[in-house]
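Reviewing the structure listed below.
Bear in mind that the values in this text are calculations on the coordinates, not laboratory data. Given the structure is predicted, the values throughout are model-derived calculations rather than measurements. All Cβ positions, even for glycine, are placed from backbone atoms using ideal geometry, and neighbour counts span all protein chains on display.
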Amino acid sequence: MTAPIPNDEPLAIIEEEARAMAQCFGVAAPEEAAASLIERLLFRLGGVHIYLPKRSARARQRMHAEIALRFNGSNLFELAKEFEMTPRHVRRIIADRRS
């Protein structure tokens, strides 16, 4: 088992979330499951820098994907109004998705 990690470190957050997930799924030993996950992450990813985008970045990516999916060539202004952005911005999103 790993040594306790200060609560503000990313590994402590991951361990806490793993423990909560284990409890949600009825794992008999959630503490051991969380510690095991941390050990596996350290073994497989130790020394690697990982960037985790903020939730807003993920939401923006999903919104851009939806705009590109729903664009039919004649609904530019409707999409701009619905997603509260300019038609120019919608065009940019569509162009970026096509390239």
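A few comments on the model shown:
- Structure-based [θ]222 nm, the chain - -39500 (n - 2.57) summed over DSSP H runs of at least 4, per residue, nearest 500: -21000 deg cm²/dmol
- The GluC sites (Glu not before Pro) found in the stretch 59-99 that occupy coil by DSSP, while having at most 10 further C-beta atoms within 10 Å, are Glu84.
- Nitroxide proxy distance, nm - points 7 Å out along Cα→Cβ at Gln23 and Arg44: 2.5
- Cα-based Rg / Dmax (Å) for the chain: 20.9, 59
- Considering only Ser56, Met21, Phe43, the residue lying farthest towards the positive end of the dipole of the chain is Ser56, judged by Cα position with unit charges set on Cβ.
- Average projected area [Cα convex hull, the stretch 55-98], square nanometres: 2.8
- Local electrostatic count at Glu66 - Lys and Arg +1, Asp and Glu -1, tallied over other residues with Cβ under 12 Å: +3
- Sequentially through the stretch 73-87, phi angles give Karplus couplings (6.51, -1.76, 1.60; θ = phi - 60°) of x, 10, 10, 4, 5, 5, 5, 4, 5, 4, 9, 6, 9, 6, x Hz, Gly and Pro residues having no value and appearing as x.
- Ser99 sits among other residues whose Cβ lies under 14 Å from its own Cβ, and their net charge, with Lys and Arg +1 and Asp and Glu -1, is +3.
- For the stretch 58-99, relative contact order (Cα pairs under 8 Å, six or more residues apart, normalised by length) works out to 42 percent.
- A full extension of the chain between Ala12 and Asn75 corresponds to an added length of 18.0 nm, given 0.36 nm per residue minus the alpha carbon distance.
- Its Cα centre serving as origin, the stretch 55-98 has a Cβ charge dipole (Lys and Arg +1, Asp and Glu -1) of approximately 240 debye.
- Modelled label positions at His89 and Arg62, each set 7 Å beyond Cα in the direction of Cβ, lie 1.9 nm from each other.
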